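Computed from the coordinates by the stated procedures, all read-outs in this text should not be read as laboratory data. Because the structure is predicted, anything quoted here is derived from the model rather than measured. Every residue, glycine as well, gets a Cβ built from its backbone with ideal geometry; the counts of neighbours run over all protein chains shown.
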Amino acid sequence: MVVPLSMMAHMNQILQLRLFELNSKVLLHFFYSRLVPLVLLLVEGSTPIDIGEHGWEMLLVVKKATQEAGSKFELLGFAAVHNFYHYPESIRLRISQILVLPPYQGEGHGLGLLEAINYIAQSKNIYDVTIESPSDYLQYVRSSVDCLRLLMFDPIKPALGAIVSSLKETNLSKRAQSLRMVPPADLMETVR
């Protein structure tokens, strides 16, 4: 599966950012064996994973630059994800490792990778997506993605409107009691 992330013009080249979903065991071993040194060097506390076990997939973000002599692909980042069973009849997705190479950090590629993983999870009707031992910055990026997704989710809009109205009516500098900003219990399951 190839998910196009974006296209942009850069220095007389057309750059295509694509997400490749690798689920062939041969390709998984080939790419991951070459990425392990980068993971160990760039991700604090990381350990290699056994990508040969059942359920592993790898997602690669590559840049395709079209030049006169042909096309050239350049790796920008990757994520190793694991599919596992969720009772009674669904699948959960865990992001085990995610890395955007240092020259490409801060350009939105990690955000694009997380959005693509969420898109894939929705298209496959996956129960939820979790991250194994996320860094503080990855938690921040994921929270941003989740907030943007929730703002677009129709069933939660009335609850958000009620919270915003409550905040507008309350004098926050002189409040005598703490505000209760918890969404209704039935809404939590609707969002899930």
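Can you give the local net charge around ILE49? Use residues other than it whose beta-carbon is closer than 13 angstrom to its beta-carbon, Lys and Arg +1, Asp and Glu -1. Residues close to ILE49 contribute a combined charge of -3.
Starting from the Cα gyration tensor of region 110-168, take the square roots of the eigenvalues, sort them a ≥ b ≥ c, and report rounded, prolate or oblate (rounded when a/c is under 1.5, otherwise prolate if a/b is larger than b/c, else oblate). Oblate is the answer for region 110-168, as a/c is 1.5 or above yet b/c matches or exceeds a/b.
Under 23 Å of direct C-alpha separation, and excluding same-chain neighbours fewer than eight residues apart, LYS64 reaches these lysines: LYS72. Packing, taken as the mean count of other beta carbons within 10 Å per residue, orders the peptides 160-170, 50-60, 74-84 from highest to lowest as 74-84, 50-60, 160-170. Checking the a/c ratio against 1.5 first, then a/b against b/c, what shape does the Cα gyration tensor give for region 38-79? The shape class here is oblate.
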